[in-house]
Structure formats: structure tokens, C-alpha cells
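These notes are about the structure you will find just below.
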Amino acid sequence: MADRVTVIGWDGSPLTAAARSALGAATLVAGAAHHLALPEVPPAAERIRLGSVSLAARRIAGHRGTAVVVADGDPGFFGVVRTLRAPEFGLEVEVVPAVSSVAAAFARAGMPWDDAQVVVAHRRTLRRAVNVCRAHTKVAVLTSPGAGPAELGLLLEGVHRTFVICEELGTEREQVTVVTSDKAADHTWRDPNVVIAIGGPVGAGDSGGWLAGRDPGAGPRGWTQPAEAYGGVLGEGETDVLRAAQLARLGPRVGDLVWDIGCGSGAFAVEAARAGAAVIAVDHDSEACARTEAAARRFGVQLQIVHGSAPHVLENLPEPDVVRVGGGGAAVVSAVADRRPQRIVTHAATRDAAELVGRDLTEHGYRVECALLQSVELDTRAWTETERSVAFLLSGLLPDRTG
């Protein structure tokens, strides 16, 4: 095992005295090509081109001497420190940090970033990173080959964002470009790069918040809000008790894409978006789309609203993680199940309708649950009944997508 392992962050600035000292004593240095070309790297040191961090960690673990790993930005922020400290390698590391590439990107853009979401986009996480860009007004994306600005822009089809693309930060080839998301695929971008995706109302404000990133406590308390919050008119399938049960079954979260089909007043779509998910709200009624847009503005959330009739309008939408079917019946539920989201919820007014939907979900391979929900509102001045609602709540879970 290496006698000492030092991880040095590099942001293009002159190395600190601590970094120079560690490099000068190194018998093994791992890093990218531009790191290994630094004049401070001892000529006699073994050099490892840093591709797979896990492979490099194994080499370092078997090295007898002093090892240094050089990485761009702050190596403790979505960086190599996590892998090097994994139990299987048994490495104890000292870290010499630098300015993270995210901080540098926002500095180049002249923007604050305490209110930004920060995500990493690999091929396997690209869709989730895109969903965060759909749902939030300011997102920094640490990209990778095959999951860069062009791919982000293509998957954001239908959603307008401005991209600030920072290429090769800290090098002589550093470049900052501002384009709209739909134009990002028209260019070839150099790695490494950071994409700042901006959309919706973004302002520095008079004072900072208290929590970095999105504040989960922003807005009124409660998973669901009363009818008055949505103009006082809710559809048959939009009672707050039913919405709360649907939200509990679906569990929308950051990185998810939610379809709300038959969005009505926009109540469910807004509440799923408040949970941090990206939401596409669909309705054949233009007035419902307008109400949903107004509700999104009122609560300060990002929604993509699609005017059209399901199931046909669903064909060109991006793949959902979870879906609420608020209207359209068994035909729409069947079309949704064909797309294989992890969870589906819907409701029915009668047992026969519930059984029809339940059979269809079962035939599609979903595990089905059904509950009869009855809620009664009381006037607490006289404890008399003011309103009663009854609905069958159906939920389907796809066993092979349980994440």
C-alpha cells in the first residue's frame, strides 16, 4: 500500500505550496494528460493516465511509495475522493482542494449559485439530469462524454432553457458560450464542460436563503392544498384526500418525470412539482391547460403543459417514471401501461370501472392495489356534513422497476 496518498485539486491557478511539496515527493502520479504535463511532476515518478478511478485506486493501493492524484476542480465534490476512500481500497488520503468547476462556471457567468441544483450526467443518469433541468430554474450539470450539452438539449425538447456552457475551465482553451437549449445539438463541445441550465424566473434577490439548492420547505405546508388555492373549482377526481393518496402512492421525487393526464385545475401537477419532480400536464381542454398554467405561476413551479387528447398525444412524450391518470378511463390507462412507468395511479367512480382498469393493469404485468376512499367534510360549528366524496383508488406497481 502507498505510504501516503495526496489528492490535489487543480483549477488552472498556480499550485499551492502544499500541492508543490506533495508532487515533489511523489513516486506515483495519477491524473489527466494536462495534469501529468505539469512541470512540478517529478521526471522519475510513475505516471498513470486517469481514466477509471477504480483501476487507478487499485494501482495506488499496490504501490510502495508516495502517491499523488491530480483532479480538476474540488476533488471532494462529485470527485475522486469518494472512490479512493472506498473500503475495498483501504486508502487514507489527504486532500488539497481547489475551486470546484461548478463554482468556477457560475463565476464566469457572474451568477450566484447557492440556489442552484447540481447534478452529474453520465449515460446512465442523463435522463434524470434532464428531468432536474425540466423541474428547476437553475441547474448546473457536470457532463461526461455521451451525456453533454447536445444530449441535454435534445432531451429537453419542448422545454425552453438557456445554456451557459463552460468548456475546459482553467486551461488556455477555456471558453464560455451562451445558447438556447434547442441549439446546443448544432455544435461540437469539448470535454470537460459544465452546463448551467437556466429557465423561468431567476433573480439574485435582495438576500440569500438559508439552504443551498432548492428549499423543500418553500411555499405553504401540506402535500395538498384546499380548493381555494386553485380557484375554488376542482374536478370530481381532484379532492384533496384523493390527491394526497395519489401522491403517497406515486411518491414523486427529484429526478422523476411525472405525467398528469387530465390535469383539470392543475392541482396534482403543481403538488408533484412541489415535491421536486419534473411534470408534464396533459389535457384536451384548453381552459384546463390555462388553469394549470396559472396555478404553476401562482406556486412558482415549472410545468410543461401539453394540450391534446390522450392516448394519441402521449406518443411523442418522453418516458415517464410515474403517471397519474385523472381522465380517459381504461383506454388511457392501457396506453400508459404500454410505456412501462414504474407506478400508475388512477381512480374510478364505480366498482365495474375499477375492475376493468385493474384487469388491464394486471395483464400488463403490474401488481394492482385498490382502495375505496370515502371522505366526509364537516362543518365544525354544528358538526354537520357539508360534502361527501367516494372513489376507488387504483395503483399499479411494475415489479421489475422497483427503484
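The values are calculated or read from the model by the stated rules, or taken from the named source; none is laboratory data. These numbers were taken from a predicted model, which means no experiment stands behind them. Every residue, glycine among them, receives a Cβ derived from its backbone with ideal geometry; neighbour counts consider all protein chains shown. Heads up: the accessible areas ignore ligands, DNA and RNA and are worked out on the full protein's heavy atoms, side chains in. Shrake-Rupley method; radii C 1.70, N 1.55, O 1.52, S 1.80 Å.
Which of the residues spanning the stretch 12-31 are touching a strand residue (DSSP E or B) at 6+ places or on another chain (Cβ under 7 Å) and within 18 Å of Gly73 (Cα to Cα)?
Initial filter on the stretch 12-31 (touching a strand residue (DSSP E or B) at 6+ places or on another chain (Cβ under 7 Å)): 16, 18-19, 22-23, 25-31.
Scanning the stretch 12-31 gives Thr16, Ala18, Ala19, Ala22, Leu23, Val29, Ala30, Gly31.
Looking at the stretch 145-157 only, could you name the residues that are touching a helix residue (DSSP H, G or I) at 6+ places or on another chain (Cβ under 9 Å), assigned to a loop (DSSP other than H, G, I, E, B) and surrounded by fewer than 17 Cβ atoms within 10 Å (Cβ to Cβ)? Can you show your working first?
Keep residues of the stretch 145-157 that are touching a helix residue (DSSP H, G or I) at 6+ places or on another chain (Cβ under 9 Å), which gives 146-157.
The next check asks that each one be assigned to a loop (DSSP other than H, G, I, E, B); those that pass are 146, 148, 156-157.
Gly146, Glu157, listed by residue number.
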Got a number for residues in the stretch 256-277 being outside any helix (DSSP H, G or I), under 23 Å from Arg221 (Cβ atoms) and out of contact with any Ser or Thr (no Cβ under 9 Å at 6 or more places or on another chain)?
5
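For the stretch 13-53, what are the residues that are touching a residue at least 40 places away in the same chain (Cβ under 8 Å) and in contact with a Gly (Cβ under 7 Å, 6 or more places away or on another chain)?
In the first step, residues of the stretch 13-53 are kept if they are touching a residue at least 40 places away in the same chain (Cβ under 8 Å); the result is 13, 16, 18-19, 22-23, 25-32, 34.
Of everything in the stretch 13-53, those that are touching a residue at least 40 places away in the same chain (Cβ under 8 Å) and in contact with a Gly (Cβ under 7 Å, 6 or more places away or on another chain) turn out to be Thr27, Leu28.
Do we find that Glu88 is more than 30 Å from Val195 (Cβ to Cβ), free of Cβ contacts under 8 Å to residues at least 24 places away in the same chain and either among the polar types (S, T, N, Q) or open to solvent by 70 Å² or more (accessible area, probe 1.4 Å) (or both) in this structure? Show your work before the answer.
Numbers: more than 30 Å from Val195 (Cβ to Cβ): yes; free of Cβ contacts under 8 Å to residues at least 24 places away in the same chain: yes; either among the polar types (S, T, N, Q) or open to solvent by 70 Å² or more (accessible area, probe 1.4 Å) (or both): yes.
Yes, satisfied.
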Lone qualifier among Ala26, Ala104, Ala30 - being surrounded by 15 or more Cβ atoms within 10 Å (Cβ to Cβ), at pLDDT 95 or above, in a loop (DSSP other than H, G, I, E, B) and not polar (S, T, N, Q):
Ala26
Output the residues belonging to the stretch 181-198 that are surrounded by 13 or more Cβ atoms within 10 Å (Cβ to Cβ) and of a type in the set (Ser, Thr, Tyr).
Ser181
Checking Phe78 against (1) in a loop (DSSP other than H, G, I, E, B); (2) of a type outside the set (Asp, Glu); (3) open to solvent by less than 30 Å² (accessible area, probe 1.4 Å), the condition it does not meet
(3)
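Every residue, every condition in (1) under 35 Å from the mean Cα position of the chain (by Cα); (2) among the hydrophobic types (A, V, I, L, M, F, W, C), yes or no:
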| site | (1), (2) |
| --- | --- |
| Ala18 | no, yes |
| Pro43 | no, no |
| Arg47 | no, no |
| Arg59 | yes, no |
| Gly62 | no, no |
Between Ala337, Ala349, Ala371, which is modelled with pLDDT under 95, of a type in the set (A, V, I, L, M), surrounded by 11 or more Cβ atoms within 10 Å (Cβ to Cβ) and under 27 Å from Val279 (Cα atoms)?
Ala349
Criterion: open to solvent by 30 Å² or more (accessible area, probe 1.4 Å) and in a strand (DSSP E or B) - qualifying residue of Arg58, Arg64, Arg47:
Arg47
In this structure, does Arg214 turn out to be open to solvent by 40 Å² or more (accessible area, probe 1.4 Å), closer than 20 Å to Pro145 by Cβ and basic (Lys, Arg)?
no
Identity of the residue in the stretch 271-287, of a type in the set (A, V, I, L, M, F, W, C) and surrounded by fewer than 24 Cβ atoms within 10 Å (Cβ to Cβ), that ends up nearest to Gly251 (Cα to Cα)
Ala275
Taking first residues from the stretch 149-172 that are among the acidic types (Asp, Glu) and second residues anywhere that are open to solvent by 30 Å² or more (accessible area, probe 1.4 Å), the pairs with Cβ under 6 Å that are 6 or more apart or on different chains are Glu167/Gln175; Glu167/Arg190; Glu168/Glu174; Glu168/Arg190
Within the set of pairs 6+ apart or on separate chains, which have a first residue in the stretch 298-325 that is over 12 Å from Arg134 (Cβ atoms), a second that is basic (Lys, Arg) and open to solvent by 50 Å² or more (accessible area, probe 1.4 Å), and C-beta atoms under 6 Å apart?
Val322/Arg343
Residues to consider are Thr224, Thr292; find the one that is under 23 Å from the mean Cα position of the chain (by Cα), hydroxyl-bearing (Ser, Thr, Tyr) and assigned to a loop (DSSP other than H, G, I, E, B).
Thr224
When the stretch 227-238 is checked residue by residue, the ones that are touching a residue at least 60 places away in the same chain (Cβ under 8 Å) and either in a loop (DSSP other than H, G, I, E, B) or open to solvent by 60 Å² or more (accessible area, probe 1.4 Å) (or both) are Gly231, Gly235, Glu236, Gly237, Glu238
Given the criteria assigned to a loop (DSSP other than H, G, I, E, B), touching a residue at least 40 places away in the same chain (Cβ under 8 Å) and in contact with an Asp or Glu (Cβ under 9 Å, 6 or more places away or on another chain), does Ala98 qualify?
yes
